[in-house]
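**Q** Right, I'll just put the structure down here and ask away after.
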Amino acid sequence: MGPIIVSGEGGGISVIDGQQRLTSLSILLIWLLHGLGEEDDRKQIADLIFTRQFGSNAYNLDVPERTGAIDALYRNEPFNRDGAPESVRNILDRYDDIDDLMPSEVAGPARPMFSDWLIERVYLVEIKTPSDDDGYAIFETMNDRGLPLSPTEMLKSHLLSNAGTDEAKIRLNALWKQRIDDLLELDKEEDADAIKSWLRARHADTIGERQAGAQPEDFDRIGTEFHRWVRDNGKRLGLISPPNFVRYVERDFEFYTAWYLRLREASETLNGGSGGDLL
């Protein structure tokens with residue numbers, strides 16, 4: 001199932017890339033566990049779901065706001081979805097999908113064999129790095145092969161992954177997606193052009209000399225690799241803690257790309273009024 005990238009920064013282990021696959025596997029393992037009769041089979045699956053610590057279950061994929069829902073699934077108990085974050089509702093809905101979509105033979109007599117196959121034949125490769133920055137560097141390098149993520153997608157991944165809570169990430173993702181969709185309606189490259197214009201106008205303090213062998217500076221790097229430039233200049237941009245990343249998307253990205261969009265539309269479509277109306 002491909003590589004997952006984790007960081008050991010701060011003494012813990014955080015997932016840089018692979019959380020969706022790990023979550024999907026976790027709920028599949030819980031589903032399998034409920035239909036197994038042999039205690040040895042159940043223990044083998046249970047050990048992949050949680051570790052027993054101080055009399056309670058410490059789930060191997062530890063996302064605090066999801067723990068209540070995962071615990072309810074493990075205990076086969078109902079969970080109140082009212083007011084739950086979208087990510088929690090998605091987990092519960094996908095768990096229900098397993099019951100609906102799993103072939104009856106696998107859900108019944110072949111369940112122990114399917115469990116053995118899953119444990120013995122399905123692999124994930126863990127790539128562990130000492131810091132988040134190293135993890136993101138590997139993530140970007142891996143996505144530069146085959147069909148790479150665009151610089152816009154990599155910038156989004158960097159900003160949202162550092163935004164703290166799942167609620168914040170969901171909120172920022174919706175804002176980001178709507179704005180990028182609006183830009184792409186103008187042109188297929190408009191999202192990147194808007195971000196380059198914003199970062200160059202707001203943050204580019206230097207520009208490379210126009211001669212052979214000159215080193216690229218702010219203006220040049222933003223034009224070719226703005227996602228890396230933002231990551232490398234995080235402290236300079238004030239991107240230090242999760243609230244900073246939330247602010248950077250909700251305030252800066254939203255404000256500057258909205259004005260870019262408005263100016264681009266005005267450059268193609270005549271709207272009534274004086275020039276002063278734009279400001």
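The values are calculated or read from the model by the stated rules, or taken from the named source; none is laboratory data. Because the structure is predicted, anything quoted here is derived from the model rather than measured. Heads up, the Cβs are rebuilt from the backbone with ideal geometry, glycines too, and the neighbour counts pull from every protein chain shown.
**Q** Take the residues of segment 56-67 that are in a helix (DSSP H, G or I) and in contact with a helix residue (DSSP H, G or I) (Cβ under 8 Å, 6 or more places away or on another chain): which is nearest to Ala168 (Cα to Cα)?
**A** Only one residue fits best here, namely Glu65.
**Q** Which members of segment 233-258 meet the condition of being surrounded by 14 or more Cβ atoms within 10 Å (Cβ to Cβ) and under 20 Å from Pro151 (Cβ atoms)?
**A** Passing the criteria: Asn233, Gly234, Leu237, Leu239, Phe245, Tyr248, Val249, Asp252, Phe253, Glu254, Tyr256, Thr257.
**Q** Out of all the residues in segment 258-271, is one or more of a type in the set (S, T, N, Q) and either in contact with a Pro (Cβ under 8 Å, 6 or more places away or on another chain) or modelled with pLDDT of 90 or more (or both)?
**A** No: segment 258-271 contains no residue that is of a type in the set (S, T, N, Q) and either in contact with a Pro (Cβ under 8 Å, 6 or more places away or on another chain) or modelled with pLDDT of 90 or more (or both).
**Q** Somewhere in segment 212-227, is a residue loosely packed, with under 11 Cβ neighbours inside 10 Å and under 20 Å from His158 (Cα atoms)?
**A** The answer is no; no qualifying residue exists.
**Q** Here's something else I'd like to know. Within the set of pairs 6+ apart or on separate chains, which have a first residue in segment 130-148 that is closer than 12 Å to His158 by Cβ and of a type in the set (Val, Ile, Thr), a second that is modelled with pLDDT of 75 or more and part of a helix (DSSP H, G or I), and C-beta atoms under 8 Å apart?
**A** Qualifying pairs under 8 Å: none.
**Q** Let me ask you something else. Specify the residue that is nearest to Pro103 (Cα to Cα); the eligible residues are those in segment 5-24 that are buried (at least 18 other Cβ atoms within 10 Å of the Cβ) and of a type outside the set (S, T, N, Q). Quick ask: steps written out before the conclusion?
**A** Initial filter on segment 5-24 (buried (at least 18 other Cβ atoms within 10 Å of the Cβ)): 5-7, 15-18, 23.
Checking the rest, the ones that are also of a type outside the set (S, T, N, Q) come to 5-6, 15-18.
Numbers: Ile5: 32, Val6: 33, Val15: 31, Ile16: 33, Asp17: 30, Gly18: 26 Å.
Looking at the filtered set, the residue picked out is Gly18.
**Q** Then there is this: Go through the residues of segment 167-190 one by one and say whether even a single one is in a loop (DSSP other than H, G, I, E, B), β-branched (Val, Ile, Thr), under 20 Å from Val63 (Cβ atoms) and in the same structural domain as Tyr248 (by TED's automatic domain parsing).
**A** No: segment 167-190 contains no residue that is in a loop (DSSP other than H, G, I, E, B), β-branched (Val, Ile, Thr), under 20 Å from Val63 (Cβ atoms) and in the same structural domain as Tyr248 (by TED's automatic domain parsing).
**Q** Check Leu61, Leu36 and return the single one that is over 15 Å from Leu25 (Cβ atoms), modelled with pLDDT under 90 and touching a Ser or Thr at 6+ places or on another chain (Cβ under 7 Å).
**A** Working: Leu61 fails: over 15 Å from Leu25 (Cβ atoms).
That would be Leu36, the only listed residue that is over 15 Å from Leu25 (Cβ atoms), modelled with pLDDT under 90 and touching a Ser or Thr at 6+ places or on another chain (Cβ under 7 Å).
**Q** Being surrounded by fewer than 18 Cβ atoms within 10 Å (Cβ to Cβ) and of a type outside the set (A, V, I, L, M, F, W, C) is the requirement here; does Glu167 meet it?
**A** Judged against the criteria, Glu167 is a match.
**Q** Take Ser197 and decide whether it is of a type in the set (Ser, Thr, Tyr), more than 30 Å from Ala84 (Cβ to Cβ) and in contact (Cβ under 8 Å) with a residue 12 or more places away in the chain.
**A** Numbers: of a type in the set (Ser, Thr, Tyr): yes; more than 30 Å from Ala84 (Cβ to Cβ): yes; in contact (Cβ under 8 Å) with a residue 12 or more places away in the chain: yes.
Here the answer is yes, as Ser197 does meet what is asked.
**Q** Quick check on my filter: what residues within segment 1-22 are over 13 Å from Val63 (Cα atoms) and in a strand (DSSP E or B)?
**A** If the condition is that a residue be over 13 Å from Val63 (Cα atoms) and in a strand (DSSP E or B), then Pro3, Ile4, Ile5, Val6, Ser7, Ile16, Asp17 are the ones that fit.
**Q** Against the condition surrounded by fewer than 14 Cβ atoms within 10 Å (Cβ to Cβ) and within 15 Å of Arg247 (Cα to Cα), how does Ala201 come out, does it pass?
**A** no
**Q** Within segment 249-269, is even one residue in a loop (DSSP other than H, G, I, E, B) and out of contact with any helix residue (DSSP H, G or I) (no Cβ under 8 Å at 6 or more places or on another chain)?
**A** Yes, the conditions are met somewhere in segment 249-269.
**Q** Which condition from (1) surrounded by 11 or more Cβ atoms within 10 Å (Cβ to Cβ); (2) part of a helix (DSSP H, G or I) is the one that Glu120 breaks?
**A** The number of the failed condition is (1).
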